[in-house]
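Values quoted throughout were computed directly from the atomic coordinates according to the rules given, and no laboratory measurement underlies them. What you see is a predicted model; the values in this text were computed from it and never measured. FYI the Cβ positions are ideal-geometry reconstructions off the backbone, even for glycines, and counts take in every protein chain you see.
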Amino acid sequence: MYLRFGWVVGSVGLSGTLIIVTLSTSITFLTALSIAAIATNAPVKGGGAYFLISRSLGIEIGGAIGIPLFLAQAFSVALYIIGFSESIVAIFPGVDIKLIGIVTTILLGTLSLFSTKAAIRAQFIILGVIVLSLLSLTFGKPIVNTDAQMWTVPASSAENFWKVFAVFFPAVTGIMAGVNMSGDLKNPSRSIPKGTFLAIGVGYIIYMTLPVILATRADTKTLVENPMIMRQIAFWGGAILLGVWGATLSSAVGSLLGAPRVLQALTNDNVIPRQFSFLGKGSGKEQIPRAATVFTIILTLVLVYLGNLNTIAPILTMFFLTTYGILNITAGIEKFVESPSFRPKFKVHWIFSLLGTIGCFAVMFLINPLATIFAIVFISIVYTWLRRRHLKTTWGDVRSGMLLQIIRYALLRLEKDINPKSWRPNILVLSGSLSKRWHLIDYANGITQEKGLFTIATILSEKEVPQEKVSDFEQRITDYLNNKKIRALVRVTRAEKIFPGAIQLVNSYGLGPLVPNTILLGESKEKNHTKEYADMINHFYKSKRNIIIMQDFVSKDFRNKKVVDIWWGGLKGNGGLMMILGYLMYNSPYWRDIQINIKMLVKSDEAAKLAQKNLTGLLSGMRVNFRTKVLVSKDESFWNILKIESSSSDLVMFGLKTPDDNFAEYFDCLKENTKSLKRKIFVLASQDIEFKDVLN
């Protein structure tokens, strides 16, 4: 305000300055509405904006914003101290500006280290000094004739409007000072909204008045070139100097109190790694975060030594605008989802939060698109890092409610009859024991590639497992999968017998039109279960579920498949589904350098030539790089040819016939005829869909 307001007015004119002030204040006002809504909904503890965001959007998003917020507060300390040092050097040109900054940082840091109350009480004295300086400026007089063009942007101005906006914007970020002291307030839900709105209102009146005074008392050139122009205009120039010192030192103290408390909250929530847990400790009755304060002081000293005012201010703008934008998103989502737990005393329509969000991010791009992208990338990196750490929290958040609204919207608009062009396997894996049949889960994860859905289902005996233990089993499986970095749905159910239980699960599992379209399972090793197993397959087929049966697999070597043979009998039904499975394997990072062979058996050489031509054209149209081989039977049995042709292959795929009353005997015979092969996948297409349209 004291050191850059004249430069702002001289650079963009009085009208431009008033627009900048109004736009900046509008963004902070909309953000204040969101802050008030969140702060009056539930008890607020230490951590300020980080606490508000993390308790609504979760620890990962909260931490991704909290770390930049801490840096922004630490940068703020440097910003204000550099401003203070500039004013000292303006009076005493021989003094080293960096030395002044370092000494000031140490003195203010010492005050904030030992007494929060003393630091806050000092603010009242500083406030009186600032009021005195403003009165002195008001009753001052012009030093030169003003420009007629002052109401418009000066023609000679080389400064971009948004660059000027970026330098000014930190002047309105003081509203975070009170929010960041949330843990030290007696009644945060009352004090935060009241203090924030008063800060914005008083600040807006002052910021709209000062440009008028400056524009009517000095010309453009003087305003741009003289950072201490207010001192010359004022009734008593010394009051302006005291005001500069008061404002900069007050703001520096506010940030020195706020930044360590954000860092303390981040540490206590384990966002900061445990090796730095000492940063979360509080000392004395006031629980002053001394270690976090010392860290902030050291960071500030580095910034004061290296930085300058105009470089630091735009960086601060990005950090604060990002925080404001996320605060608005938080409040908007809470209101839009209308969770029963969100009952703020201060009610705000979600449209205002949306406007605040748009304003924050739009202004960020207008100021500096590259810096905006950098800020988003930085936050994304922190978010990804926190996600991978799987942080546990003791509080809920709004994400579940938000996702539920998205799911509801999608489900109600999801067509029951899926268009072939959008078809993907939605797999239900009947895994049983995860350790014994891990290859089923591995295969499902490999072909879905985290783009499709798959569910891991286990049927437990009613006699051995009580109903109240089912959720514990599901949680254990989920945790196990998370440790393996596999994201899947989990379903555990109880049944008197396994096969009827599986049938019942397939009948009932799903939500609206979103049901598994493919069942993936292993073979039955027990001879006395063959009939029940065959009946279950028949039921799945009649239920329009595609079936994939994996046989003779060892879980640990599943990803080592290099050569896959698909024995093909045409594009319809099984042939089309096997082609899709082959393509999904070929396109998956699970199987590097995999070779898919399409093999076909015909009766004559003429038929072989025609089949080869058709197959080559078909694969070309499908845009897949599969190898083909058409074989002539010459009265030799298919099983003998199969044994010779696929004996060295790592995986062989076959189609199954349509289940009938003799399916059990057929399946036993099939297993006997293929027992010499290493690993097999049997495929049965049951869904009413033209798989050839998926491939074209």
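Structure above, values below:
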| quantity | calculated |
| --- | --- |
| Selected from GLN467, ASN517, TYR590, residue furthest toward positive end of dipole (the range 420-695; charges at beta carbon) | TYR590 |
| Cross-link reach list, lysines versus LYS463, counting only Cα pairs under 19 Å and skipping chain neighbours closer than eight places | LYS497 |
| Neighbour-limited loop hits for trypsin sites (Lys or Arg not before Pro), the range 626-685 (at most 14 other Cβ within 10 Å; DSSP other than H, G, I, E, B) | LYS634, LYS657, LYS675 |
| Sum of side-chain charges, VAL490 neighbourhood, beta-carbon under 14 Å (Lys, Arg +1; Asp, Glu -1) | +1 |
| Lys, Arg +1 and Asp, Glu -1 on Cβ, resulting dipole of the chain about Cα centre, debye, nearest 20 | 680 |
| Out-of-range pairs (alpha-carbon distance over 29 Å; input LYS657/LYS678; LYS572/LYS603; LYS572/LYS680; LYS542/LYS629; LYS335/LYS484) | LYS542/LYS629; LYS335/LYS484 |
| Calculated FRET efficiency for the pair LYS525/LEU366, C-beta based, R₀ 56 Å, to 0.05 | 0.25 |
| For the chain: Kirkwood Rh in Å [reciprocal of mean 1/r, alpha carbons] | 30.3 |
| Environment charge at ALA37 (Cβ cut-off 11 Å; Lys +1, Arg +1, Asp -1, Glu -1) | +3 |
| Loop sites in the range 451-536: GluC sites (Glu not before Pro), DSSP, at most 12 other Cβ within 10 Å | GLU464, GLU496, GLU526 |
| Dipole of the chain, positive direction: furthest Cα of GLY178, TRP236, PHE84, with charges on the beta-carbon | GLY178 |
| Sorted by Cβ density within 10 Å, fewest first, the residues MET1, MET653 | MET1, MET653 |
| Modelled FRET efficiency - R0 25 Å, LYS345 with GLN405, Cβ distances, 0.05 increments | 0.55 |
| For the range 346-355, Karplus couplings with θ = phi - 60° (6.51, -1.76, 1.60), whole Hz, Gly/Pro x | 9, 8, 10, 5, 4, 5, 5, 5, 5, 4 |
| Tensor-based shape of the range 509-645 (alpha-carbon gyration tensor, a/c under 1.5 rounded, otherwise prolate or oblate) | prolate |
| Alpha carbon centroid spacing (whole Å) that separates the range 83-146 from the range 479-493 | 58 |
| Net lengthening on full extension, SER380/PHE278 (0.36 nm per residue, minus Cα-Cα) | 34.1 nm |
| Residues TRP423, TRP639 arranged by fewest to most Cβ contacts within 10 Å | TRP639, TRP423 |
| Cα-centred dipole magnitude for the range 420-695, charges only on beta-carbon of K, R (+1) and D, E (-1), debye, nearest 20 | 820 |
| Under 17 Å from the Cα of LYS285 - aspartates and glutamates, other chains or at least 8 residues apart | ASP184 |
| Relative contact order (%) - criterion: Cα under 8 Å, at least six apart; region: the chain | 16 |
| Relative contact order of the range 420-695, pairs being alpha-carbon contacts under 8 Å that are 6 or more residues apart, as % | 22 |
| Top positive-direction residue, dipole computed over the chain with Cβ charges, set ASN574, LEU263, ALA362 | LEU263 |
| Relative exposure of SER189, SER76, SER435, judged by other C-beta atoms within 10 Å (fewest first) | SER435, SER189, SER76 |
| Whole-Å distance, taken between Cα centres, linking the range 640-659 and the range 226-274 | 76 |
| Neighbour cut-off at most 15 other Cβ (10 Å), DSSP loop, trypsin sites (Lys or Arg not before Pro), the range 508-588 | LYS525, LYS544, LYS562, LYS572 |
